[in-house]
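The values are calculated or read from the model by the stated rules, or taken from the named source; none is laboratory data. Just so it is clear, the structure is predicted and the values come from calculations on it, not from any experiment. Heads up, the Cβs are rebuilt from the backbone with ideal geometry, glycines too, and the neighbour counts pull from every protein chain shown. The protein model used for the area step is the full one, side chains on, heavy atoms only, and it has no ligands, DNA or RNA in it. Shrake-Rupley method; radii C 1.70, N 1.55, O 1.52, S 1.80 Å.
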Amino acid sequence: MIKEKENDIRHQDTVCVNESVLTHQWYHNLKYLAAGIIFGIIFVKAEVISWFRIQEMFRLQSFHMYGIIGSAVLVGMISVWLIKKFKIKTMYGEPITLTPKTFNKGQIYGGLIFGFGWAITGACPGPLFAQIGTGALAVSVTLLSAIAGTWVYGYFRDKLPH
């Protein structure tokens, strides 16, 4: 019974409940490209992509990265609160559904593996492309490793305890 419920919950994660049924022309995606470029420029200017800043954070030598991460979490919390309070819809009028998530110990293990990888490589998946864009081509190895890790997880997901 519990195993069946677990499988149902796991299959629910793979389906995006907010998936749009609208179809658009290819050029509608250019807004995401523009947003990504702007986001990358902000990462570079804020030194979020700096290996040195990331190492400072993990050595507890500077508040810089903690301030950036903390402000992002605060903006996210306020945004989710506003979406729920005012029942904000997407720009196309579709409802936004926020489903509650249940905690499991795999999140601790995954977070530790993610953090260790971040500390060792000095690169979080978010700024990888910005780092490569600034000419730090050695980060390509980190990008390929992240892709390989994602593939390995996807391959073994059904065999892992969740």
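Of note:
- Of all accessible heavy-atom area on the chain, the percent that carbon and sulfur account for (1.4 Å): 70 percent
- Treating r as the C-beta distance of residue 37 and residue 105 and R0 as 35 Å, the FRET efficiency rounds to 0.35.
- Pairs with C-alpha atoms separated by more than 26 Å, drawn from the list 31/87; 45/105; 101/159, are 45/105.
- Along the chain, longest interval not containing exposed trypsin sites (Lys or Arg not before Pro), exposed being DSSP loop plus at most 15 other Cβ atoms within 10 Å: 1-58
- In the chain, excluding the sites themselves, the longest stretch lacking any of the chymotrypsin sites (Phe, Trp or Tyr not before Pro) that are in a DSSP loop with at most 12 other Cβ atoms within 10 Å is 1-62.
- Around residue 38: net Lys/Arg minus Asp/Glu count, Cβ-Cβ under 11 Å: +2
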